[in-house]
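Encoded as structure tokens, the structure appears first; notes follow it.
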Amino acid sequence: KYRPRGVTEFETVSRMSFLQYKQYIAEGDTVIVCRGHDKMWPVQVERGKLIQVRGGAVRHEALIGVEYGSKVTTSNGKSWVLVLHPTPELWTMVLPHRTQILYSTNISLITLQLGLRPGSKVIECGTGSGSLSHALARTVAPNGHLYTFEFHEQRARIASEEFACHGLPDVVTLTHRDVCRNGFGMEGVADAVFLDVPKPWEAVESAKVAMKGHGCRICSFSPCLEQVQRTREALQQCGFVGRFPGPLHGLWFTAFYQTMQHSAADVWSPSQTGADCTCHIIVTLACDTSGM
């Protein structure tokens, strides 16, 4: 599907954004090139470049003005590609890995348990490759905000460039900062905090200060039980309580997660059946406003 070549409006419309769908591709937009479920990769449209595929190539100029979702044939007519509008779910599948990432199954559970919705203000500790960041930004948009922190300078710089390219600067603030040592530098701002760092227990006290108060939620994602134990102790010391007051009845996610009941936190661990790796998710509530 193409717009008439005599009309050049598509080259001057606003940039593509992960927060809303755009109809036509323009230069500078990010496109997910698809040749099948397991053959997808991101491309930033730039005149003079080529997309090489088996059987031919597609010039970037041929994408400008094409409607997202279209099937575009190669210049020799022997092959094709689909050009898809990027979403957080697709980006998770194709993003450049700078760190290990969270995938959609865990992202959906974390978003649900943090109680996020449009207008929420959430802090993410550990930007990494930005997989979770894109999903959180879309969830809290348009009136909410994501404050994400990354201690590694190069990763922070690359992620910041990606957020700008993906139309997220209005809802995402990225800070290069080691929050475990220096804290978040925020007070009474966040509705929820997510921790994905090697020593999450070192960030718990600062996270409590950054939260608005009673009923705010904190989630920690860790690969080993030793981290869970130390984080749980830190949460207890800071006055956090379990997300659920009684035994957890998981409904749909019991097929994926085994329950470990603790007095100060609810912890989910992936079932060993069909799981590639093990991780543990702690979700707790701030139980009072004293010292916050």
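Among the residues of segment 116-131, is there at least one that is part of a helix (DSSP H, G or I) and not small (Gly, Ala, Ser)? Looking through segment 116-131, none of the residues is part of a helix (DSSP H, G or I) and not small (Gly, Ala, Ser). With respect to the conditions (1) open to solvent by 40 Å² or more (accessible area, probe 1.4 Å); (2) modelled with pLDDT of 95 or more, VAL13 lacks only one, and its number is (2). Might you let me know whether segment 65-75 holds any residue that is open to solvent by less than 40 Å² (accessible area, probe 1.4 Å), in a loop (DSSP other than H, G, I, E, B), touching a Leu at 6+ places or on another chain (Cβ under 6 Å) and β-branched (Val, Ile, Thr)? Checked against the condition, which is being open to solvent by less than 40 Å² (accessible area, probe 1.4 Å), in a loop (DSSP other than H, G, I, E, B), touching a Leu at 6+ places or on another chain (Cβ under 6 Å) and β-branched (Val, Ile, Thr), segment 65-75 yields no hits at all. When each of GLU124, GLU150, GLU89, GLU187 is tested for being touching a Gly at 6+ places or on another chain (Cβ under 9 Å) and of a type in the set (D, E, K, R), the lone residue that passes is GLU150. So, in segment 118-148, of the ones that are of a type in the set (D, E, K, R) and under 20 Å from ILE282 (Cα atoms), which residue ends up farthest from the chain's Cα centre (by Cα)? The extreme case among them is LYS121.
Checked against (1) closer than 18 Å to GLN100 by Cα; (2) at pLDDT 95 or above, PRO198 passes all but condition (2). The residue that is modelled with the highest pLDDT, counting only those in segment 201-235 that are open to solvent by 30 Å² or more (accessible area, probe 1.4 Å) and among the aliphatic types (A, V, I, L, M), is VAL209.
Here's the yes/no breakdown for (1) surrounded by 15 or more Cβ atoms within 10 Å (Cβ to Cβ); (2) in contact with a helix residue (DSSP H, G or I) (Cβ under 8 Å, 6 or more places away or on another chain); (3) modelled with pLDDT of 95 or more:
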{"position": "PRO86", "(1), (2), (3)": "yes, no, yes"}
{"position": "GLU89", "(1), (2), (3)": "yes, yes, yes"}
{"position": "TYR103", "(1), (2), (3)": "no, yes, no"}
{"position": "ASN106", "(1), (2), (3)": "yes, no, no"}
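PRO245 falls short on exactly one of the conditions (1) assigned to a loop (DSSP other than H, G, I, E, B); (2) modelled with pLDDT under 90; (3) touching a strand residue (DSSP E or B) at 6+ places or on another chain (Cβ under 9 Å), and that condition is (3). Could you tell me whether PRO169 is without any contact (Cβ under 8 Å) to a residue 12 or more places away in the chain and more than 17 Å from ASP196 (Cβ to Cβ)? It is true that PRO169 is without any contact (Cβ under 8 Å) to a residue 12 or more places away in the chain and more than 17 Å from ASP196 (Cβ to Cβ). Of all residues in segment 36-50, those that are modelled with pLDDT under 95 and crowded, with 16+ Cβ neighbours inside 10 Å total 0.
All of (1) among the hydrophobic types (A, V, I, L, M, F, W, C); (2) open to solvent by less than 30 Å² (accessible area, probe 1.4 Å); (3) part of a helix (DSSP H, G or I) hold for MET93 with one exception: (2).
The set of residues in segment 140-165 that are outside any helix (DSSP H, G or I) and either hydroxyl-bearing (Ser, Thr, Tyr) or surrounded by fewer than 23 Cβ atoms within 10 Å (Cβ to Cβ) (or both) comprises ALA141, PRO142, ASN143, GLY144, HIS145, TYR147, THR148, PHE151, HIS152. Name the residues in segment 169-194 that are outside any loop (DSSP other than H, G, I, E, B) and either open to solvent by 10 Å² or more (accessible area, probe 1.4 Å) or modelled with pLDDT under 95 (or both), would you? Correct list: VAL172, THR173, LEU174, THR175, HIS176, CYS180, ARG181, ASN182.
The values are calculated or read from the model by the stated rules, or taken from the named source; none is laboratory data. Fair warning: this is a prediction, and the values are worked out from it, not measured in the lab. As a convention, Cβ positions derive from the backbone with ideal geometry for all residues, glycine included, and neighbour counts pool all protein chains shown. Quick note on the areas: whole protein, heavy atoms, side chains included, nothing else; ligands and nucleic acids left out. Shrake-Rupley method; radii C 1.70, N 1.55, O 1.52, S 1.80 Å.
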